[in-house]
Amino acid sequence: MLSSPSLKKQGDTTIFLKNKCGGYLKPLLLVSNPSSAKGRSRAVLERAVAWLKQNGIPTHQLVSQHAGHLFEALPSLLKEEWQAIAVLGGDGTLFEVINICLDSTSKNFATPLAVIPGGTGNSFSKDLNGNTLEDFLQKAVEGAPQPVDVARCRFANGANVGRPWHKNEFYFINLLGAGFVAEVNHRSFGFFKKLGMFGYAVSVLATLTKLRPYQMRLALDEHIIEKPNTFVTICNSRVTGGNMLIAPEASIRDGWLDVVVANAISRWELIKTFPKVFSGSHTSHPEVEIFRARHIRLETDPPSLLTPDGEMLGATPIAVEILPGKLQFLV
């Protein structure tokens, strides 16, 4: 049984301000993708809606009906005032919402966001210190807004992002991968995606059979690295794939990006090392290096596919920068 929110105070105000009659002044916008996690997100949505109704939280729902629907429907809703925007789905749903929000204004986006995990991996939610649906629902209605860093990626050759927003840049909040990790993710889409983590493991093995190092040129602020490379991940948060601790020391509030570089290694070494990412012990391998930077430029030969926040979008060369405290999340 989910408990009722206490609506704790932050200074002289509450997160959900009430009028004299005890009603809420502004509603919560609940953006959901019921197809996340092979449809299991629908059950999470039903429980969340029941809890919000039970506790008298005024809510307006936007339910994604098909790929690209949020890009069609959400921008007009952002012109209205909301107490907060709660995103119920997976990391891909959150990726879409933050890009729509940040593309909606040239100024800082002021409405606080909340995460209600309903996807397969829910990687970003691991940095928000919640364990249950109740935890995240209560954050959505009584949490304190805290600034969270966001990363912006621009295509260095002026290429168009394509897909619904048709720009030469996008934002990500979890991480951006290139090389082996992007190839694995690309293979895991489609048929393999239906198999969950088993499908991902099959994708890893399939990608290993064609493993080839990239020639990498990586500019980290003023520091330049040029060498053969297996993969690079540019991390804002610690976790990817739901429970892979890819960047153990990363923080979503420190104003830095943690860059994990896996130099050229053999298939056998990669097979031995890759499982260690679940504990974060992969960082002890002599061919794995971690750097921190605020401005990054990545070039590869040949060009590499990119996987931002678990999606597939574009290819190198790219320029990435951290935007400290760009969004507010309820925690």
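Working note: Debye formula, equal point scatterers on the alpha-carbon atoms of region 152-330, no solvent; log10 I(q)/I(0) at q = 0.08, 0.11, 0.14, 0.16 Å⁻¹ is -0.22, -0.43, -0.73, -0.97.
Protection proxy ranking for 144-152, 116-124, 66-74, using the average of other Cβ atoms within 10 Å per residue and placing the highest first: 116-124, 144-152, 66-74.
Any of LYS139/LYS276; LYS53/LYS139; LYS79/LYS326; LYS26/LYS139; LYS126/LYS276 with alpha carbons more than 23 Å apart? Name them for me. Please report the intermediate quantities before stating the final value.
Numbers: LYS139/LYS276 32 Å; LYS53/LYS139 16 Å; LYS79/LYS326 19 Å; LYS26/LYS139 17 Å; LYS126/LYS276 18 Å.
With Cα atoms farther than 23 Å apart: LYS139/LYS276.
Annotation: the residues VAL44, VAL49, sorted from fewest to most other C-beta atoms within 10 Å of their own C-beta, follow the order VAL49, VAL44. Inter-label distance, HIS60 to GLU46: 2.7 nm, where each label sits 7 Å from its Cα along the C-beta direction. Label sites at HIS285 and ASP221, each approximated as a point 7 angstrom past Cα along Cα to Cβ, lie 2.7 nm apart. On the basis of the beta-carbon distance and an R0 of 25 Å, ALA206 and TRP268 show a calculated FRET efficiency of 0.90.
Each value in this text was obtained by applying a stated rule to the coordinates, not by laboratory testing. What you see is a predicted model, and the numbers here were worked out from it, not measured in a lab. Virtual Cβ from ideal backbone geometry, glycine too; neighbours counted across all protein chains shown.
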